Amino acid sequence: MITFWFAVLVLAWVLYFVLEGFDFGVGILTPILGRDEHERGAVIRTVGPFWDGNEVWLVAAVGVTFAAFPDWYAAWMSALYLPLVGVLLLLAVRGVALEFRGKHDAPSWRRRSDHLLAWSSGGIVLLWGAILGVLVDGLALRADGEVAGTGLSRSLGPLFSPAAGLGALAALLAAILLGATFLSLRTTGPVRRRARDLARHTGTFGAVALLVLGVSTGNSMALAAAAIVFVAGLQARRAREATAFGAVVVAVAATVVAIFTVHGDVVLRSTLDPAWSLTRESAAAGPEALKIITVAGVLILPGVIVYQLWSYWVFRRRVASERVPS
């Protein structure tokens, strides 16, 4: 049961970071690939029907972590509460920018909304990347399961580690690549061409950066990601947009899985003493609690997945970014 719920937890986080990943990427690229209000509107319409539904997976991922692995949730969320509050606030800003953009016809209003969307999306990506980097590096867990330190140094200190910085940069690169390949797949006209070119250049740059990282650190995961990202850029160059997007999705999904399984059964490593680390067994809820949430999960999660698949099928058509004569 513990292994099953750990797999469900990882799946929920994978779906969140993949689906919201291209949402964030589109938000970042809105003022870059859209040269006027019409083109920026086309960029935003590609995620208009999906972005709020994609956020459901954040609720699912956090909910599963809380219900199935409460000790892990308590240590992780309490230690990094300020960055996580920052994520929630920026998610609210992004939602306001998306929803209120169309409430006024003034070009200045929409331009400000687009820039607010871009900056909030970029901030979310950087914070999530840093948080995931901290998870790989570990926290200063004591024997009682609490994180050492007090005040701001306890919550913000881990974000200034090399692992957090590397995670933030990698997340930004992944979001831009996801957004570019998604826009090349979902638009027509000039935005599609610009997105395809950006995906090609970003894929090449990302592959080189990951290759250097993998060779210098001996990290096989980075080398595998470099190969997949290179394939994505190559497919974008050949205008095979679906394959390019699929390759980036695979790279992001594999990276998230690797982050949550990098230490084997250890879900949160202690940087003070490896013996104080949290494992799946020690962090999991009791057998009765796992049985109860299993019933709830079987009833709820399939319905969410079916609804999302249906919505993506309904809104599968490309969005025209060129001006069509009336």
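Points to keep in mind about this one:
- Chain lengthening between THR279 and ALA320 when straightened (0.36 nm per residue, less Cα-Cα): 9.8 nm
- Each of PHE230, PHE100 was scored by other Cβ atoms within 10 Å of its Cβ. Listed from fewest to most, they are PHE100, PHE230.
- Neighbour-count order for TRP276, TRP51, TRP310, fewest beta carbons within 10 angstrom listed first: TRP310, TRP276, TRP51
- Choice from PHE182, PHE160, PHE205 with maximal GNM fluctuation in the chain (Cα, 10 Å cutoff): PHE160
- At R0 = 56 Å, FRET efficiency that the Cβ-Cβ distance of SER153 and ALA239 yields, to 0.05: 0.65
- Environment charge at GLY53 (Cβ cut-off 11 Å; Lys +1, Arg +1, Asp -1, Glu -1): -4
- Of the DSSP H helices in the chain, those whose Cα atoms cover at least 24 Å axially and whose Kyte score averages 0.0 or more: 2-33, 81-100, 107-137, 162-186, 190-217, 220-237, 241-261, 287-314
- One decimal place: the segment TYR312-PHE100 gains 74.0 nm when fully extended, by the rule 0.36 nm per residue minus the C-alpha distance.
- Multiplying the residue separation of ALA258 and GLU146 by 0.36 nm and removing their Cα-Cα distance gives an extension gain of 37.8 nm.
Every number in this text was worked out from the coordinates using simple rules, so none of it is lab data. It should be emphasised that the depicted structure is a prediction, and the values quoted were computed from it without experimental measurement. All Cβ positions, glycine included, derive from the backbone under ideal geometry; neighbour counts span all protein chains shown.
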